[in-house]
Each structure stands twice: as C-alpha cells, then as structure tokens.
Amino acid sequence: MGAVAEAGLIAFHLPMHTATRLALPIIERVRAINRSARLVAYGLYAPLNEAQLRGLGVDAIVGGEFEAGLAEIAGGGEAPLVSLERQQFVVPDRTGLAPLGRYSRLRRGGQAIVAGYTEASRGCKHLCKHCPVVPVYNGAFRVVQQEVVLADIRQQSGAGHITFGDPDFFNAPTHARRIVEALHEEFPALTYDVTIKVEHLLKHADLLPVLQRTGCLFVTSAVESLDDAVLARLDKGHTRADFIEVAARFRDAGLTISPTFIPFTPWTTWDSYRDMLSTILELELVENVSPVQLALRLLVMSGSMLQGEVAADWKHADASIDALSGGLLRVVAAEQKQNRSRAQIFRKIWDAAHDRPLPENFDLVPRAAIPYMDEPWYC
C-alpha cells in the first residue's frame, strides 16, 4: 500500500462491466488511503458510469480513444469525457504484467494452452440498442495499425493462442484479412479467436475459408436471441433464420461458432426460452455455448439506446421468468464448481425450464471437443 499512499495520480482501467464492478470498492479504498492523489478512470465503461465514479471521488474520466487524453491528464491537464480522435498507436508496454500463464487459457482436446490478447480495432459501425459500445462510439470505428498489432502479438512470447478483443473483427474485413494472413505466415502454428456479428458472417462469407486456413479456432458471435421480435427490438441486424444459416455455413467451412445470448429480456416468454434451448439442441450446438449464456439478463447501461424503453432495474412482467433466470444462474455457478461438462449443465437447465425430458438419445450423441477459453469474458 506504500505506492498507493505516495502516488500523485492513480488510474483505473474499466474496459468492461465486470471490471467496473470489481474496481468500485477498490477505488473507494484507494481514496480513503490517499486523499490527495488525482484518481482517473479510463476505458469503455468509465463514461458509462460517470456519476457513480464521481461519487467515489474520481477526478477525471476519459473513454473512447483514451490514450491521448490519459497522457494529457497525467501531465496535469484535462481531457474530454469521450475522445474519438484517430491515433497512431504504439506497441503496448507489457512490462510488469503477470506472466501470460496466469491469465485465461485455451482449453482444447484436454490441453490448457497459454493464450495472449490483442486488438486490431475499436468501436463499431453498428448501433445495436443494448450494446455498451454504442453510447461511447456512436457508430465510429477505429483501426489499430497492422504493424502495431503484429508487434504486440510478437512480444507475447510463449502464447500458443491469441484472442482478438475487437467488438467486431469484420468491421474492416480487408484490415482483418491482412492481419490474420500476416500472422499465419509468421506463426503458422499459432491459433486465434475473434468476435464477429451474424450479419457480417453472412455478408463476408467468402472470408470464412480464410479464417479456417489461417488458424481461427472459433468465432464468438452475439446472437442474443432466437426470437425475431426481440432481435428487432435490439436492432441486431440479423434474424433467427440468418443465425441458422451461419451455423450451417460454419459446419461446411470446418469452423466452430460460439454463440452468445441474452436470453432474459422484458420480452422473453417461457415458450421463447424453451424454443432457444430446443434450437441449440437441434443445431448440435450444446457444446458450443457457455452455460452462463443461457442464464444472462439484459443489462441496460447509462446512455443505452434502450433507455426510456427499458428501466435499468427492469423486472419481468411474469415473476416466474425472473425466478427462472436467477435460479439458472445459481445452477450454472454450482455445476461449474463441480466441473460438470456443458452437456451435463445443459441437461440441468433444460429440466428447470421444461416439463418434458430431453430426447432419450441426448447422452448418446457423440460430442466434438469444442475449443474454448477457460475464463470467458462478457461485457
């Protein structure tokens, strides 16, 4: 705590909702230890939580393309709450960070593979109503220069896999293609994963073979719902049929899709939830979906395009839906502590939501070994 007590400036990076929740009590503690330090919060979720952060004594907040603003603050100046200025990036300085082996690992075929992380782009061209990127970037999109991305990967020695943290890797498909082809040429054994919208997976389906050829192990895609009415409310840009087509294209291309969902919204019904489970089963995607994805609730952030339509502390009109959501979160947490498989947890979820059993052959269906990160992150 000596460094905290003596520091003149202390900055907290808030790239996600979870990171913000974890940081709040630490910020409060740091402020109690050091009353004179200038506290700074930066990253995507900093401006989204401005009021709460100010209440804890945070002096400066900067989001979006925050680097220049953060440097200005460190020099004693001020910075805008959100900056979208284009930047010439420098290679991140990872000195002092914990060894890569202490972070999330790739699980593949019974192996735990050291994984690294980088970003090829920030922001997003799209305006999905529930997305936390939208209130900050509002449709703006910025690329990280290719030489910086490759140099960042190069310095993460020992990584056998790289996670690209871009909100959508195909916002700039040509940029993305050049990076993965250059990466594969230099490190042919290195694998990677990316996040791409269903809409882009259809629009740029010609790039699926490129992903497969250059070592992409899986693509995370924010499907959110299989109810077309809910997808329209969220302005997701795809339909239920679109997702089913993408799943088929991935099978044909020899790629793995990892769908994510927000199954519990104010518009969820028992029928729509059961239909989602049935569709996942029919598409043979049980092993592709992290169990927690079947229990998440819609989060309405400050500045969300859903504000005015959905309250931040919304409750479902049917209390039994909320009870199901809360119960499933507890089930998933308990089952994961017991190291249950995804199929075993899916059975528990199915039984909680249905009055009919799973098909008799459910446990007899051979399941492919789907690669995944052992600490999957969610906004």
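The values are calculated or read from the model by the stated rules, or taken from the named source; none is laboratory data. Note that the coordinates shown come from a computational prediction; the quantities given were computed from them, not determined experimentally. For neighbour counting, all protein chains shown are included, and Cβ atoms are generated from backbone atoms with ideal geometry for every residue, glycine included.
Things worth noting here:
- For region 243-260, the criterion of being β-branched (Val, Ile, Thr) and assigned to a helix (DSSP H, G or I) is met by at least one residue.
- Sole exception among (1) at pLDDT below 95; (2) closer than 13 Å to residue 65 by Cβ for residue 102, by number: (2)
- Test: residue in region 82-95 that is of a type in the set (Phe, Trp, Tyr), at pLDDT 95 or above and touching a helix residue (DSSP H, G or I) at 6+ places or on another chain (Cβ under 8 Å): yes
- The residue pairs whose first member lies in region 29-43 and is at positive phi, whose second member is not acidic (Asp, Glu), and whose beta carbons are closer than 6 Å, counting only pairs six or more residues apart or on different chains, are 43/13; 43/14; 43/15.
- The test for being aliphatic (A, V, I, L, M) and in a loop (DSSP other than H, G, I, E, B) does not hold for residue 106.
- Of all residues in region 92-110, one or more are touching a His at 6+ places or on another chain (Cβ under 7 Å) and either assigned by TED's automatic domain parsing to the domain that holds residue 221 or of a type in the set (Phe, Trp, Tyr) (or both).
- Inter-residue pairs, beta-carbon under 7 Å, first farther than 25 Å from residue 347 by Cβ and in contact (Cβ under 8 Å) with a residue 12 or more places away in the chain and in region 292-307, second among the polar types (S, T, N, Q) and surrounded by fewer than 21 Cβ atoms within 10 Å (Cβ to Cβ), 6+ apart: 300/307
- When 117, 137 are checked against the criterion of being in contact with a Ser or Thr (Cβ under 6 Å, 6 or more places away or on another chain) and surrounded by 15 or more Cβ atoms within 10 Å (Cβ to Cβ), a single residue qualifies: 117.
- Of the strands (runs of 3 or more DSSP E) lying entirely inside region 136-230, those carrying at least 3 residues that are within 30 Å of residue 81 (Cα to Cα) are 141-143, 216-224.
- Sole exception among (1) assigned to a loop (DSSP other than H, G, I, E, B); (2) under 27 Å from residue 193 (Cβ atoms) for residue 287, by number: (1)
Per-residue answers, yes or no, for (1) surrounded by fewer than 18 Cβ atoms within 10 Å (Cβ to Cβ); (2) touching a helix residue (DSSP H, G or I) at 6+ places or on another chain (Cβ under 8 Å):
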position	(1), (2)
205	yes, yes
239	yes, yes
281	yes, yes
298	no, no
311	yes, no
316	no, yes
320	yes, yes
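Each row is one residue, and each column tells you yes or no for (1) in a helix (DSSP H, G or I); (2) closer than 30 Å to residue 245 by Cβ; (3) assigned by TED's automatic domain parsing to the domain that holds residue 271.
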{"position": "302", "(1), (2), (3)": "no, no, yes"}
{"position": "311", "(1), (2), (3)": "no, no, yes"}
{"position": "314", "(1), (2), (3)": "no, no, yes"}
{"position": "320", "(1), (2), (3)": "yes, no, yes"}
{"position": "324", "(1), (2), (3)": "yes, yes, yes"}
{"position": "329", "(1), (2), (3)": "yes, no, yes"}
{"position": "334", "(1), (2), (3)": "yes, no, yes"}
{"position": "349", "(1), (2), (3)": "yes, yes, yes"}
{"position": "358", "(1), (2), (3)": "no, yes, yes"}
